[in-house]
1. I need the phi-derived Karplus couplings for segment 18-23: 6.51 cos²θ - 1.76 cosθ + 1.60, θ = phi - 60°, integer Hz, Gly and Pro marked x.
2. Can you compute the modelled spin-label distance between Lys544 and Asp473, with each label point 7 Å from Cα toward Cβ, in nm?
3. Let me cross-check Ser282: its accessible surface, 1.4 Å probe, with only protein heavy atoms counted, in Å² to the nearest 10?
4. Using 0.36 nm per residue of separation minus the Cα-Cα distance, give me the extension gain between Glu345 and Thr373 in nm, one decimal.
5. Of all accessible surface on the chain at a 1.4 Å probe, what whole percent is carbon and sulfur?
6. Could you tell me the center-to-center distance, by alpha carbons, between segment 275-290 and segment 332-387 in angstrom?
7. Scanning the chain for helices, which whole DSSP H stretches are 30 Å or more long along the axis (Cα) and average -1.0 or more by Kyte-Doolittle?
8. For Asp206 and Arg305, what is the calculated FRET efficiency with R₀ set at 41 Å and r taken between the beta-carbons, to the nearest 0.05?
Amino acid sequence: EWFDDPAACLSGVGQSKVDRKWLIRDGVGGTIDGRSVQKGHLSRMDFFLLMMPPRQLELMTRETNTQLLRLGHKSTTTGELLKMFGVLILITKYQFASRASLWATVQPSKYVNAANFGRTGMSRNRFDVLWRCIRFGEQPVERPEGMTSEKYRWLLVDAFVENFNNHRATNFEPGTHICCDESISRWYGMGGDWINEGLPMYVAIDRKPENGCEIQNVCCGDSGIMIQVRLVKTSEEESTRPQEVDGQQDGMLPHGGKIMFDLIRPWLYSRRIICADSYFSSVATATEALRLGVGFIGVVKTATRQYPMAWLQSYELGERGDRKGLVSYQDGKPTLLSYAWVDRERRYFISNTLSLSAGQPFVRKRWRQVDQTADASPEKVELLVQQPKATEVYYSVCSKIDRHNRSRQDTLRMERKVETRLWWKRVGTSLLSMVIVDTWLAYSQCILQGDEVESQDEFYGYLAEELIDNSYDTTGTRGRQGCGVGGQSSARGWDSTLVDRRTGMTRCGTDLHLTPTKRRRRSRGVEMPRQAFQRDCRVCKTRKSKFICSTCFDEKNLEVSLCHSETGRNCFALHVDKFHS
């Protein structure tokens, strides 16, 4: 039920907001925001590593190495992957017909210098090999029995999304406001639910400038940094997701409301204000947001169930800035506010916070024909439009994701410059581009203060330099508690024991490790033979190896021989998993 109560509309409804400052956690107990960082203390690459999930870097290094070794190429390291990211950003700075021309040393014209990407330290052949073998997720070679083709294909990028969301939920604290909207990863290749090949869910919407993979997301409404993403999948795959919000069934919520609460799950009960477009907005969503301890302001277009649309449409409003609202009560207190506000046309809102009291008016400069005489010149006039407080907050937040999309698609342009025929590689580069844009947003608001000017395009160039010239693999850093040399942990378990955190390769270092045997082959007439003694590997039993487990002896008190990881085999990993976990 809705009531015409002007006093309640002006005093406000629902619960009051709590002002918060956005901040980044650095993983060692410190926090970073626009007030605590001095210029020179953190580089652009430092901000990139703060924004990029460490687990994703480890996963990409490990899975890329698996592909490289399978094809007989040299393995890579995390530092080389970062260099490759720098080269990818550098590619966006050039116009070229073929990517190979970027490594040419001969000028294409006497007025145009040669790109000469060989100066980066990464050859054209090495870049092509890494680009061919790079992986953003972990997918088994054969589709497991019982797994759908769609789910099997989504595995190529699902890990990136999961690592991104977990990292932001742990290491980023958004400000007072959160923006909820969607993005598009540009793709015009094969895809759709009609064929088990290509992009599993192809989205084409007339009002969207691009087609491809739709990504629903939320970002910090104060800094613009992306904090959660969600891939849009087919209805069959969506039905397998959890259908609960905070332990209660959300069957009464529309689909958009379910998605929104799934995205903001880490920040429920924080009394932040969520600003969302019409896809997520409804009376049911605003009511549920009140129960879950968050404010909500949204535009209503088609989801008009329980909304007084007919009454607000029939109410007479005059010029720009006029508004009229109705209030809904719960337990004698005003909890929901529905109102119409006039700009160039009427716009309808639903809110469970703030009020219709006067907010900060906005000024728009427009051309008008003030002098109506024939052939008189037009004049540029200022239009002062009044707006309520709820509308002021909404329009200061709702465009953050659109700006983020514009920075990614029109300024960085990685999706346009770096071509690929594989859909998962396009989605992966889109997610990587989001991380790069977040790096710019964090750096510009923490470092660039006062009169300092550095354009977004210039920043990407400087970031490419730092990534290309990185010393990630050679700089000695202290690892986590319990870590030994080279970032290798002495703790048991697959993630910490079997895989080197820095390189992603199977471990062969300190603590439990592979070591060359001290035994030597017997040779007639040679007192001290130089050849190491070799025995069949205990795991694969198809290859001889001189390496042994540093702690194991068999029932005959003999050394246990195992294949080294440099051969591309994971015999040592399987041995540790079976006998040392």
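The values are calculated or read from the model by the stated rules, or taken from the named source; none is laboratory data. What you are looking at is a predicted structure, and each value in this text was computed from that prediction instead of being measured. Cβ atoms come from the backbone with ideal geometry, glycine included; neighbour counts cover every protein chain shown. Each accessible area value is taken on the protein alone, full model and side chains, heavy atoms only, with ligands, DNA and RNA left out. Shrake-Rupley method; radii C 1.70, N 1.55, O 1.52, S 1.80 Å.
1. 10, 5, 9, 9, 6, 7
2. Placing both labels 7 Å beyond Cα along the Cβ direction yields 3.2 nm.
3. Number for this one is 10 Å².
4. Between Glu345 and Thr373, full extension yields 7.2 nm more.
5. Within the chain, the accessible surface is 47 percent carbon and sulfur.
6. 23 Å
7. Counting only whole DSSP H runs, the qualifying helices are 149-171, 423-446.
8. For Asp206 and Arg305, the calculated efficiency is 0.95.
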